[in-house]
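Working notes, beginning with the structure itself.
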Amino acid sequence: MTKIAAGAEVDAYCTKCKLVLAHTVMAIEGAKPRRVKCNTCGGEHNYRPSKPAPKAAAAKKGKAKPASAKRTRQTWEEAMQEASAKPRKAYSMSGSYGEGDWIEHRTFGIGCVQAFVPPNKIVVRFADTTKTLVCNRS
Ligand SMILES: [Zn+2]
C-alpha cells in the first residue's frame, strides 16, 4: 500500500467540477486523505474517491429568473412581428386611422400609425421611412 502524505496527488471526486480529477492532499486521516484540494478549480473539500450516488433531493435548483428584458425601444423587426398577429387596415386616403393602427400601404408596405394630425393626416412609420399620409378624405 502506498502511503499518502499531505501534498501528494491523488485522484478524487471534485464536488465543484463534478469529475474525478487530480487533487492535492491537504489533510490525512489514518492512511487516507481527508481534505483535498482540486488541482483544476482550486476548491478544497473532503476527499471522495469517486462520484457519489446521485441524490435527487440534494439537487438545489435555483429558480431560473426569466430574462427580464427591459426594453425601452422596440426594434422594427419586433414591432413587425407583433404586428403580424394584429389586424391591418389597407391604406386609402378615405380611410380613418388612429395612433397605433397598423396599415398596409401599396407602395411603402406595412406601417404603424405614430400620430394622427387633425383633421386629415397621419404620420406612419414604415420599415425604412416615416411618411405623412392623408386620411379621412371624403
Ligand atoms: Zn474542481
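We did not get these values from a lab; they are worked out from the coordinates using the rules stated. As the structure is a prediction and not an experimental result, all values here were calculated from the model. Cβ coordinates were reconstructed from backbone atoms using ideal geometry, including for glycine residues, and neighbour counts include every protein chain displayed.
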Whole-Hz ³J(HN,Hα) from phi, Karplus 6.51 cos²θ - 1.76 cosθ + 1.60, for the stretch 114-128, glycine and proline x: 8, 7, 9, 10, x, x, 8, 10, 10, 9, 10, 8, 10, 3, 10
With a point put 7 Å past each Cα toward its Cβ, work out how far E99 is from V134 in nm, to one decimal. 2.5
Can you check what the net charge comes to around Y97, using other residues whose Cβ is under 14 Å from the Cβ of Y97 (Lys, Arg +1; Asp, Glu -1)? +4
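In a shell of Cβ-Cβ distance under 12 Å around G43, excluding G43 itself, what net charge do Lys and Arg (+1) and Asp and Glu (-1) give?
Values: positive: K16, K18, R35, K37; negative: E44.
After counting each charged neighbour, the total is +3.
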If you take the beta carbon distance between S84 and A115 as r and set R0 to 25 Å, what does 1/(1 + (r/R0)^6) give as a FRET efficiency, to the nearest 0.05? 0.65
